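Only the coordinates and a few stated rules stand behind these numbers; no lab work does. This structure is a prediction, so every number in the text was calculated from the model and none was measured. In this analysis, Cβ positions are derived from the backbone assuming ideal geometry, glycine residues included, and neighbour counts consider all displayed protein chains.
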Amino acid sequence: MRNVVGIDFGATNIKAGLVSPQGVILKRARTETIASQGKDKVISRIVTLARKLGQNDKVDVGVACPGPVDGKRGILFEPPNLPGWKEVHLKKELQKVLGSGVRIENDANMVLYGEWKFGAGQGTRNLLLLTLGTGIGSGLILDGRLYTGANGFAAELGHTVVDPRGPQCRCGARGCLESLAGAQALVSAAKRLIASGVKSVLARSRDEMTVRDIGAAAAMGDEVARAVLAKAGVYVGLAISNAVALLDVEMVIIGGGISRAGRFIMGPLKKTVSANLIDFRLRKLKIVRSRLGDDAGILGIAAYFRSQEA
Ligand SMILES: [Zn+2]
């Protein structure tokens, strides 16, 4: 079997790796996306990375893209962080230039696929993954197969409503999980608590506060940071309870930048699931943190590419 170039195409960075059939990243390359320069420039950056890693041979390329994505037809439908990418036939465009096999898929699905094949989810047959970052992505393995749904849009847990009176979400609905537990929501919640007079070390980093700062502050015992993470954990826990009640998966993997806050989010999250999920004790549900970190998408799309060839 040949090596495949796996590309993790994000709104900020494009990360790529030449991946062996055993799931080892042999070579790496990355570049900034600079989405503001437009679609054609970004596509040419993807091509440059693929050629660099393939040493200009015709190498097969898998691209994990921001959703919504129709993987079967290879089309991207204007992801919120890539303005102007309206129905882009990315697979066709890349194939034309590279002259090799190309496959594109939703990035959260590919993070899940990587964790399933090589990371925390190995050996499971029914698995749900959530990535907690600026956006909240999710993916689903059901009965030992990636489940993408009727249109390729399955497992949008970040846009299920957990509070109908919650804030407006960028998708247009109100009180989606992402609008209450995404990175922006955490930063806003911390700022509100500080503005209301609660003392916090985060007051220093007000304008550039990130979820990384919030995680670090929580570890130091900061009251605001801990409260914000605990509240997010409750919302994520509610969404997981609803999803597992429907799907009865055996494991839930939590990844993304916010998951690095460790027990400060995982504790309240698990407590919420145990309190809300029907038959919790009978299910033996495992809720664990992701293992592959930033490599999951690259490894996932490379392995998925191969699985589709077989
Ligand atoms: Zn939404």
> When the Debye formula is applied to the Cα atoms of the chain, each taken as the same point scatterer, what base-10 log of I(q)/I(0) results at q = 0.07 Å⁻¹?
Replying inline: -0.27
>> Only sites in a loop by DSSP and with at most 14 other Cβ atoms within 10 Å count here; which trypsin sites (Lys or Arg not before Pro) in the range 7-86 make the cut?
In response: K58, K72, R73, K86
> What distance in nm separates the simple spin-label points at R263 and M220, each placed 7 Å from Cα in the Cβ direction?
Replying inline: 2.0 nm
> Relative to the longest principal axis of the chain, what angle (0 to 90°, nearest 10) does the C-alpha long axis of helix 263-276 take?
Replying inline: 80 degrees
> If the cut-off is a Cα-Cα distance under 18 Å, which lysines reach K27, setting aside same-chain residues fewer than 8 apart in sequence?
Replying inline: K15, K52, K58
> Taking amide H positions as placed 1.01 Å from N in the peptide plane, with prolines and chain starts having none, which residues 5 or more places from S290, or on another chain, fall under 5 Å of its amide H?
Replying inline: I254, G255
>> What whole-number distance in Å separates the alpha-carbon centres of the range 169-189 and the range 214-233?
In response: 17 Å
> If you add up the charges near K284, with Lys and Arg at +1 and Asp and Glu at -1, over every other residue whose beta carbon is less than 15 angstrom from its beta carbon, what do you get?
Replying inline: +2
>> Can you give me the angle between helix 223-247 and the longest principal axis of the chain, using Cα atoms only, in degrees from 0 to 90, rounded to the nearest 10?
In response: 60 degrees
> Where does helix 39-53 land angle-wise versus the long Cα axis of the chain, in degrees 0 to 90, nearest 10?
Replying inline: 70 degrees
> Which net charge results for the neighbourhood of G74, defined as the other residues with beta-carbon distances under 10 angstrom from its beta-carbon, given Lys and Arg at +1 and Asp and Glu at -1?
Replying inline: +2
>> Test of the criteria: in the range 273-309, which trypsin sites (Lys or Arg not before Pro) are in a DSSP loop and have at most 15 other Cβ atoms within 10 angstrom of their Cβ?
In response: K284
>> Using only the alpha carbons of the range 198-310, what is the convex hull's orientation-averaged projected area in square nanometres?
In response: 9.3 nm²
> Summing +1 for each Lys or Arg and -1 for each Asp or Glu, what net charge is found among the other residues whose Cβ lies under 14 Å from the Cβ of A227?
Replying inline: +3
